[in-house]
Every structure is written in C-alpha cells, then in structure tokens.
2 protein chains.
Amino acid sequence: MNSVTCNLSISLDGFAAGPNQGPDDPLGVGGMRLHDWAQSGEPGVDAEIAKQITEGVGAHIMGRKMFGGGDGPWDESWRGWWGEDPPYHAPVFVLTQHPREPLEMQGGTTFTFVTDGIESALEQARAAAGDREVAIAGGASTVQQYLAAGALDEIYLHIAPVLLGDGERLFENVGAPAFEPIEVVSSPAATHIRYRILS
Amino acid sequence: MNSVTCNLSISLDGFAAGPNQGPDDPLGVGGMRLHDWAQSGEPGVDAEIAKQITEGVGAHIMGRKMFGGGDGPWDESWRGWWGEDPPYHAPVFVLTQHPREPLEMQGGTTFTFVTDGIESALEQARAAAGDREVAIAGGASTVQQYLAAGALDEIYLHIAPVLLGDGERLFENVGAPAFEPIEVVSSPAATHIRYRILS
C-alpha cells in the first residue's frame with residue numbers, strides 16, 4: 001500500500017505556525033520564518049530538499065485552513081493561495097465541512113473537496129496516488145489527526161533555528177507514536193530529520 | 001572570557017522533563033527516556049558525545065531541583081543524586097535560596113551553594129573555570145534563566161525520538177535569542193544539534 005508521508009517545518013520551540021493565525025494569515029505571526037530554508041534560492045542542501053518534497057508524491061491531503069478561503073461555506077472565487085498553476089501537480093484532497101465541486105487547475109493539480117472525514121480523504125488519495133506516496137501537506141491539525149489515527153508512515157521535519165514563542169504546536173493530541181530517525185541532513189538554515197513512525 | 005555552554009536532552013515535543021516532577025523524581029514521568037541515548041553503553045556516536053559532555057568544562061552551574069534534597073532549608077545528609085564520586089570532577093555551583101557550607105566530594109567535585117542569584121553563580125563559576133568552559137548543567141528553568149539573560153554562548157541539544165506529551169518545556173520565557181546550528185550528529189537514539197546563540 002502507498003506510504004503516507006508528511007513534510008513539516010517547525011520552530012526550535014515546536015511550533016508549526018505562529019500566533020494569531022487568521023483566514024488571511026495561515027502561518028501566523030513569524031510563521032513565514034519557518035520556511036526561509038526552502039526559499040533562499042541558493043543551490044545547496046536546502047534547495048535539494050525543497051525540490052524533493054513533491055517528488056514521488058501521487059496525491060496530497062490538506063486541511064481547509066491551509067487551502068484558505070475562510071471557514072464557512074465556499075466563496076467559489078477562492079482558488080487557493082498558489083495561483084492558477086499550484087506547485088502540487090497532482091490530485092489534492094481538501095478536508096472541509098462544506099461541499100464544493102472539484103477545481104481543476106493548471107499543471108496537473110486538481111483540488112477535490114472531502115466532507116466525510118480523514119479516512120475517506122486518505123482512501124481517495126490512495127486510489128488517486130497509484131503506487132506513489134500520499135503526502136499530508138498540512139497544516140498542523142491535519143497532521144495531528146493522521147498521526148493520532150496511526151495512518152502516518154513517515155514524517156520529515158525541517159527544524160528552523162528560530163523561536164516563535166507561541167502559535168500552533170505540531171506534537172499535541174497525537175497519542176504516543178514511536179519515532180525512529182532514519183535520515184538527518186543539516187544546513188545553517190534548518191536541520192532536516194526524517195522519522196519513521198513505528199506505531 | 002570563558003564560553004558558557006549547555007547540554008540538554010529534550011523530547012521531540014520539546015520537553016526537558018516529564019510531568020509530575022517531584023523532589024524524588026526530578027525528571028518526571030518518562031523523563032528518563034530522554035537520556036536513553038547516553039546510557040546504552042554501546043560504543044558509537046552517542047557514547048562519544050556522552051563522554052565529551054564534561055570534557056573542557058572547568059565549572060558547572062545547576063539548579064536546586066537538579067541537585068535535589070527538596071526545596072526547603074537543607075537536610076545536610078543530602079549529598080546529591082550521584083554518590084560520593086559525582087561525574088562532574090570540577091566545581092559545581094548550585095543555585096538555592098538556602099545557605100549551606102560547600103560540600104567536597106571525591107574525584108574533584110565540590111558543590112558550592114549560591115544564594116545571591118544567577119549572575120553571582122556565573123561570576124564564581126567563571127573564576128573557578130580558569131580558561132575552560134562554564135557549563136549550565138540544568139534543569140530547564142536554570143537554562144531558561146541564563147538564556148533569557150543573554151549569558152549562553154552555545155547549547156547542545158540532544159533530541160530524543162520520543163514524545164512526553166506534558167512536562168517542563170525548555171524554550172519558554174527565554175526572550176528571542178537567535179540560533180545558528182553549527183554541528184549535527186545523529187544516531188537512531190538521538191539527533192545531536194549544537195547551536196551557537198547569536199544574541
């Protein structure tokens with residue numbers, strides 16, 4: 001069966017997003033700093049890793065907050081944060097309470113809106129991914145749900161050397177899974193640790 | 001001037017000790033698991049790092065909780081957790097509200113009890129350390145105080161691949177120092193990241 005993976009940038013104090021997240025600011029105050037490592041544009045370890053993130057992925061799952069457009073019924077003019085050619089280039093399943101027709105974007109990205117829960121989304125993503133990975137794209141609360149359900153096989157953490165002091169923590173309400181670090185790569189901008197999840 | 005360093009084991013969810021710490025259990029529930037990497041006894045990366053921790057250190061500073069013996073006036077029969085030949089082999093300055101005569105142990109460890117605050121302890125430790133490092137031994141709240149005071153030059157984090165879920169967090173109430181990862185070494189038991197503290 002497909003492996004289910006997750007890439008997530010966190011601060012040294014464990015936050016996946018800063019405080020005061022809102023519909024227009026899903027990363028919260030300072031949260032953009034968690035992603036500096038991926039955006040320097042300089043060749044090197046970080047750029048390589050940023051490039052690999054979507055390689056091998058056959059389908060993505062994300063939460064409504066990550067997709068954006070508020071948390072009520074859909075304003076159909078909202079088509080995500082990423083413009084007409086989003087960087088996923090694969091089917092993306094968006095967890096939401098509110099039904100909406102699929103959105104076909106350029107470059108192979110289709111957003112499908114799933115209203116019947118995380119298991120249904122995973123089932124649909126597995127079917128769409130073929131023999132490739134299913135990636136839980138975020139945000140933190142979506143990752144937490146899959147981690148708590150025992151559905152994650154691997155998590156690739158990118159630890160940025162910053163403190164946010166407040167915000168949305170990654171490792172809360174996830175039960176007691178066991179982790180094994182299987183790959184560590186580092187740069188001045190982040191420490192990248194790939195964990196296998198054992199239970 | 002001596003550099004001021006710190007070695008600390010933390011969980012993947014950021015705890016330096018588990019919940020329900022008490023006078024007889026300074027590590028809290030599950031907290032011992034944070035130190036498994038140092039205690040396997042197997043040769044390898046972890047054993048090397050565990051051995052290096054006290055090398056180069058001319059004096060240590062620790063909080064009262066780490067030294068033990070409750071939090072009231074001293075019961076003089078309490079001589080620390082480590083037996084008659086503690087692993088420090090150097091002067092150790094213990095932060096406390098309660099005066100006590102210095103305790104000379106075997107193997108070069110002397111515990112000196114400091115009642116006039118963290119700056120005084122650092123000054124005394126610097127004088128005792130000569131040109132060697134001063135190490136902040138812990139626990140988390142002592143490290144936090146020195147970090148908040150801008151007195152730490154380096155922190156060597158040992159990230160154990162476990163979740164504690166609750167307990168004493170390392171990075172709280174420390175202001176907004178900037179970190180730069182300068183060395184990363186990993187094993188299945190822990191990821192060891194040495195950070196230089198820039199501000």
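Any read-out appearing in this document is the output of simple, stated calculations on the displayed coordinates, not a laboratory observation. Since the structure is predicted, the reported quantities are computational estimates derived from the model, not experimental observations. FYI the Cβ positions are ideal-geometry reconstructions off the backbone, even for glycines, and counts take in every protein chain you see.
Ranked by the mean number of other Cβ atoms within 10 Å of their residues, highest first, the peptides A:2-11, B:77-86 fall in the order A:2-11, B:77-86.
Indicate the gyration tensor shape class of chain A (rounded, prolate or oblate), computed on the Cα atoms with a ≥ b ≥ c the square roots of the eigenvalues: a/c under 1.5 is rounded; otherwise a/b larger than b/c is prolate and the rest oblate. Walk me through the numbers on the way to the answer.
Numbers: a/c = 1.37, a/b = 1.24, b/c = 1.11.
Verdict is rounded for chain A.
Note on B:Arg64, B:Arg126: ascending count of other Cβ atoms within 10 Å places them as B:Arg126, B:Arg64, the fewest first. Counting only other chain Cβ atoms within 10 Å of each residue's Cβ, the peptide B:2-13 averages 2. When chain B is turned onto chain A, the axis of that turn runs closest to one Cβ of chain B, and that residue with its distance in whole Å is B:Gly14, 2.
Where the alpha-carbon atoms of segment B:41-92 are placed on the principal axes, they occupy 42, 23, 18 Å, in descending order. Normalised by the number of residues in chain A, the average gap of Cα pairs under 8 Å and 6 or more apart makes the relative contact order 31 percent.
Using θ = phi - 60° in the Karplus curve 6.51 cos²θ - 1.76 cosθ + 1.60, the 3J(HN,Hα) couplings for segment B:172-183 round to 10, 6, 10, x, 10, x, 9, 10, 9, x, 10, 7 Hz; x is entered for Gly and Pro. Annotation: amide H-H contacts under 5 Å for A:Thr110 (H modelled 1.01 Å from N, sequence separation of 5 or more, or interchain): A:Ala90, A:Val92, A:Met105.
Rounded, prolate or oblate: which fits segment B:63-130, taking a ≥ b ≥ c as square roots of the Cα gyration tensor eigenvalues, rounded meaning a/c under 1.5, else prolate when a/b beats b/c? Cα axes put segment B:63-130 in the oblate bin.
Given 20 °C and 1.002 mPa s, how large is the Stokes-Einstein diffusion coefficient of the protein assembly as shown in µm²/s, with Rh as the Kirkwood radius over Cα pairs? If you can, show how the numbers build up before the last one.
Numbers: Rh = 22.8 Å.
My calculation gives 94 µm²/s for D.
For segment A:19-124, the relative contact order works out to 20 percent when only alpha carbon pairs closer than 8 Å and six or more residues apart are counted. Taking amide H as placed 1.01 Å from N in the peptide plane, the amide H of B:Phe179 sits under 5 Å from that of B:Leu198, each at least 5 places away or on another chain. Counting only other chain Cβ atoms within 10 Å of each residue's Cβ, the peptide A:154-167 averages 3. In order along segment A:112-126, the Karplus-derived 3J(HN,Hα) couplings, from 6.51 cos²θ - 1.76 cosθ + 1.60 at θ = phi - 60°, round to 10, 9, 10, 10, 10, x, 5, 5, 4, 4, 5, 4, 5, 5, 4 Hz, and Gly and Pro are given as x. Helical runs (DSSP H, four residues minimum) scored at -39500 (n - 2.57) apiece and divided by the length of chain B put the mean residue ellipticity at 222 nm at -4500 deg cm²/dmol. The 3J(HN,Hα) values that the Karplus relation (6.51, -1.76, 1.60; θ = phi - 60°) gives for segment B:158-164 are, in residue order, 10, 8, 7, x, 9, 10, 9 Hz. Gly and Pro appear as x. Annotation for A:Gly175, label-to-label distances across the other copies: 4.3 nm (shortest first, one decimal, point 7 Å from Cα along Cα→Cβ). For segment A:130-199, just say rounded, prolate or oblate: build the C-alpha gyration tensor, square-root its eigenvalues into a ≥ b ≥ c, call rounded for a/c under 1.5, and beyond that prolate if a/b exceeds b/c, oblate if not. Judged from the Cα gyration tensor, segment A:130-199 comes out oblate (a/c at least 1.5, b/c at or above a/b).
What percent do you get for the relative contact order of segment A:105-199 when only Cα pairs under 8 Å and 6+ apart count?
Values: 101 pairs, mean separation 24.0, N = 95.
Computed over segment A:105-199, the figure is 25 percent.
Ranking of B:Lys65, B:Lys51 by neighbouring Cβ atoms within 10 Å, starting from the fewest: B:Lys51, B:Lys65. Each copy carries a label point for A:Ser199 at 7 Å from Cα toward Cβ; from one copy, the others' points are 4.4 nm away, ordered from shortest. For the peptide B:178-186, the mean number of other protein chain Cβ atoms found within 10 angstrom of a residue's Cβ is 5. The distance linking segment B:90-136 with segment B:31-61 is 21 Å (Cα centroid to Cα centroid, whole angstrom). Label-point spacing for A:Ser77 across the identical copies (point 7 Å from Cα in the Cβ direction), in nm and ascending order: 7.9.
As a ratio to 2.2 N^0.38 Å, the alpha-carbon radius of gyration computed for segment B:1-98 takes the value 1.17. Ignoring lysines fewer than eight residues from A:Lys51 along the same chain, the ones with Cα atoms less than 30 angstrom from its Cα are A:Lys65.
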